[in-house]
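Novice: I have a structure here, written as structure tokens, and I will follow up with some questions on it.
Just so you know, all these numbers are worked out from the coordinates, no wet-lab data involved. What you are looking at is a predicted structure, and each value in this text was computed from that prediction instead of being measured. As a convention, Cβ positions derive from the backbone with ideal geometry for all residues, glycine included, and neighbour counts pool all protein chains shown.
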Amino acid sequence: MRANTVVCLGCMLCNRVMDCARSFPRCERCQQSLPWIAAADDVTFADIVSSAPVPVLVDIGDGDEGNERVAGTAAVHLAIERAGALKLVKVDNEASPNLVQRFAASSPTLLLMDHGRVLARHRGALSIATLRCWLDDAVRDQRPVSASPPVARSNPGHSG
């Protein structure tokens, strides 16, 4: 399996974080929880997602890194914010046609999974605030959900 280098925001140590592990990553020096962001494809998806001891946010979208998608940006932000409690798995829809078909995904599609079970699904981009609420609701309910989250009401003077 692949490993990424993640810098600990607590002590600035570079740590190797494996895509597939049975426990969430911690800094080798200070033991602070590290963001867990992995890439998966048709071959590696099952191992990377099912092995996670925390809920997994799957971001199925355009693999072109030059295209910053709002969904991808919000998902990465949330993975950093919720280090130790959430794993983000990015799937390139062009390189993973079987997953796209399996989940009937269009770009972008977000799935929240727990031990291989889909808890929630959303097609399209979400703001960070709406994504945060959607994840909290799905984790709290702990049951499969197929409907998209309600659209967040705008709050003048507050950006999320």
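Novice: What are the ³J(HN,Hα) values, in whole Hz, obtained from phi via the Karplus relation 6.51 cos²θ - 1.76 cosθ + 1.60 with θ = phi - 60°, for each residue of the stretch 36-52 in sequence order, with x given for Gly and Pro?
Specialist: Taking θ as phi minus 60°, the curve returns 10, 10, 10, 10, 9, 9, 3, 7, 9, 3, 4, 5, 5, 7, 6, 7, 6 Hz for the stretch 36-52.
Novice: Could I ask something else about it? Spin-label point model (7 Å from Cα, Cβ direction): what's the Q101 to S127 distance in nm?
Specialist: 3.9 nm
Novice: With each label point set 7 Å from Cα along the Cα-Cβ vector, what nm distance links D42 and Q142?
Specialist: Modelled inter-label distance: 3.6 nm.
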